[in-house]
1. Identify, from the list Ile576, Ile615, the residue that is closer than 25 Å to Arg14 by Cβ and either at pLDDT 85 or above or open to solvent by 30 Å² or more (accessible area, probe 1.4 Å) (or both).
2. Can you tell me which residues in segment 456-500 are within 24 Å of Leu543 (Cβ to Cβ), of a type in the set (S, T, N, Q) and surrounded by fewer than 21 Cβ atoms within 10 Å (Cβ to Cβ)?
3. Would you confirm whether or not segment 649-659 contains a residue that is loosely packed, with under 15 Cβ neighbours inside 10 Å and of a type in the set (D, E, K, R)?
4. In this structure, does Ala608 turn out to be among the hydrophobic types (A, V, I, L, M, F, W, C), farther than 30 Å from Met13 by Cβ and modelled with pLDDT under 95?
5. Please list, ordered by residue number, the helices (runs of 4 or more DSSP H) wholly in segment 1-112 having 3 or more residues that are modelled with pLDDT of 90 or more.
6. Can you find even one residue in segment 522-533 that is at pLDDT 80 or above, more than 35 Å from the chain's Cα centre (by Cα) and β-branched (Val, Ile, Thr)?
7. Among the residues of segment 234-255, write down those that are more than 17 Å from Met207 (Cα to Cα) and surrounded by fewer than 17 Cβ atoms within 10 Å (Cβ to Cβ).
8. What pairs can you find where one residue is in segment 620-643 and within 12 Å of Tyr593 (Cβ to Cβ), the other is β-branched (Val, Ile, Thr), and their Cβ atoms are less than 6 Å apart, with a gap of 6+ or different chains?
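The values are calculated or read from the model by the stated rules, or taken from the named source; none is laboratory data. This structure is a prediction, so every number in the text was calculated from the model and none was measured. Cβ: placed from backbone, ideal geometry, glycine included. Neighbour counts: every protein chain shown. Note: areas computed on protein heavy atoms with side chains; ligands, DNA, RNA excluded. Shrake-Rupley method; radii C 1.70, N 1.55, O 1.52, S 1.80 Å.
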Amino acid sequence: MEYLNNLPPMDLMRSEKMTFVQLIIPVESAHRAVSYLGHLGLLQFRDLNDDKSPFQRTFVNQVKRCAEMSRKLRFFKDQIHKAGLLPSLHPASQLDLELEELETQLAEHEHELIEMNSNSEKLQQTYNELLEFKMVLHKASDFLVSSRSNSAVQERELVENVYSNGNYADTASLLEQEMQPGPSIQSGVRFISGIICKTKVLTFERMLFRATRGNMFFNQAAADDQILDPSSNEMVEKTVFVVFLSGEQARTKILKICEAFGANCYPVPEDITKRMQIMREVSSRLSELETTLDAGTRHRNMALTSIEFQLAKWMNMVRREKAVYDTLNMLNFDVTKKCLVGEGWCPIFAKTKIQDALQRATFDSNSQVGIIFHVMDAVESPPTYFQTNHFTNAFQEIVDAYGVAKYQEANPAVYTVVTFPFLFAVMFGDWGHGICLLLGALVLIARERKLGSQKLGSFMEMLFGGRYVLLLMSLFSIYCGLIYNEFFSVPFHIFGNSAYRCRDSSCSDAHSIGLVKYRDPYPFGVDPSWRGSRTELPFLNSLKMKFSILLGVVQMNLGIILSYFNARFFGDSLDIKYQFVPQLIFLNSLFGYLSLLIVIKWCTGSQADLYHVMIYMFLSPFEDLRDNKLFWGQGVLQVILLLCAVVAVPWMLFPKPFILKRLHTERFQGRTYGLLGTSEMSIDDEPDSARQRHEDFNFSEVFVHQMIHSIEFVLGAVSNTASYLRLWALSLAHSELSTVFYEKVLLLAWGYDNIIIRLVGLAVFAFATAFILLMMETLSAFLHALRLHWVEFQGKFYHGDGYKFKPFSFTSLSDEDN
């Protein structure tokens, strides 16, 4: 025990020691002090105003000002994006501004931009109207000229119809009435010309036909040029139309329909001379407007460019100021209203740094009163803080995804760094596929600085965040692939010749029959001669299945041992005596014994049936083992282990609840806890089980909880051990899939003496390898390794009911905080 106590603390094994502190800050130095603490990023403030709404807090006006400035900055960003300006690689330097100066500048820039946008929209609207008028004049002229050139022929046909049908005038159509001599000419045929969006033409024409009951003639033609829509800043295709009609009532209806469909109507004179004169005037005004619009666009782009140089710096400044005032809103005024009082958590090692930052804030703000910083006692549990780097952060995130460790609890991430990629590699073992993963990981690591500064997609961001996990997974996959002797499912004689050779010259198939062992075993990994043999699958299945059980028992034992260190660290002797010891005995009496039998069978080469041994250990513990005996005294040892396993179950279930009840009764009668510690033991140092004395002790609830925990462990010992067989199953599936793609795709295509078939086969093999084996199989093995760590390993010792240490830090602010 003294040796364990004298061991140096392991990094990441337990979270940093935290302390609860109180700050009393004069008002004049409060902003600067909080800003300096934001740069330091080692103090988590506690919200002392959680009973108040955001609008009832002290610095709500400053937060509103920052929010308004953020809105203006987002407006500038959108305008720059719409203008298509590229971000500057070297932003111009500028002296630091105060918040009031920045607010004034942003207001001026916004007013200027809004005015320029308004003028530009008006000019663009005028330009669009003139351009539409020009296209309507051009297309309507064609309609009118073509109708007049054909009027003579149509008039002769009309006269013939009139004389052949006496009642024709009553049923004549609108265009025919226009060309009739006499009263129809006096009534006159009018026309309305305009332009409409191309997507609305069919509906527009149908509505006109129904409104006029067919008494109109509709002509249309596609506009030559597209029109810029000022609202969406996109080019829109339009269609010019001319509607011939008769009567004022029909004209009123058509104009209302045009207004409803957003069609712009323009007057077109019938006189050709007037039309030509108007077209010349319109063209002249269009050229002038183009020049004005180009000049306005250049001026606007220059203004946006000058803003873009400082935009990133301004956004960062506003983001930080808003975070400072949000943090100040978590502080309370003291009774004198001259100081702000704040509380929070910080690591013990950061106390000196925080005090230095507060002293600098007092000096820089020219305050006559210093900031008071002192440690306080806290009732609530401290937050959990692990100092991680780029390498360990991804593994810590894997553990935290299950649950954040409670304060000072043993951290599984220390072991996950090795065990997680190794268990993945056991399922993914192929050194060819491992090299592919290694190349991908090296590319991500080599471009770490560039990719870290870019905004990535969700999948790429996840892949980049786990680049070091991918690196270790690939290295362990290469190692396990060398053990399995598989390179894209192909074995190689890397470490020497095979230990088997052909018995004599008569053996025809050296891969299946006639092989004998003539030398020492293959130095490393699986002998390549097993590939293609009749006993390949039974041999590899037996090897991987037993190897999976060994790994599972070792990792579960590690979890139980970590539960001992947790209980010992928290001073909980009950958990050591009545949880750790019986759990260790139960697991190793059954599955530890099975692991021992596997190792002995491998070492001795025995043909004993381990299934039979384990089954009849329960059914007939006193029966003679006969051929299944592996060592002397095995039968007696089995009986002893079985009795230990049976005794361990009530050992876990009954003592702890009754001892807790007795301790609670003694405490209630005024006696001390002699079994749990000395009288000097503070409340915080007492074990978790003893702290229940401060609450209402409910024996039935404690007993039911202990019973559930015991049953869960007993059943889980069986199911968890069986769960590790997924290592064997996925390794077998990966190997067989790889073999199928190699033999049935690549080798089959290579058997043809045709370059096209070979190329197709190679492409299919590459596609299957990349998307099925390197992507889907990687994801599958990753998820199964994740389950083994979360359930089978961490379930033995890890509570995961803590909360993360989230200090006030400027580096943790994101663009979304604007």
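1. Going through Ile576, Ile615 in turn, just one is closer than 25 Å to Arg14 by Cβ and either at pLDDT 85 or above or open to solvent by 30 Å² or more (accessible area, probe 1.4 Å) (or both): Ile576.
2. Asn497, Ser498
3. Taking every residue of segment 649-659 in turn, none turns out to be loosely packed, with under 15 Cβ neighbours inside 10 Å and of a type in the set (D, E, K, R).
4. Working: among the hydrophobic types (A, V, I, L, M, F, W, C): yes; farther than 30 Å from Met13 by Cβ: yes; modelled with pLDDT under 95: yes.
Considered against the rule, which asks whether it is among the hydrophobic types (A, V, I, L, M, F, W, C), farther than 30 Å from Met13 by Cβ and modelled with pLDDT under 95, Ala608 comes out as yes.
5. Filter on segment 1-112 gives 27-40, 60-83.
6. Yes, the conditions are met somewhere in segment 522-533.
7. Those that are more than 17 Å from Met207 (Cα to Cα) and surrounded by fewer than 17 Cβ atoms within 10 Å (Cβ to Cβ): Glu234, Met235, Val236, Glu237, Gly247, Glu248.
8. Listed pairs, sorted by first residue: Leu630/Ile600.
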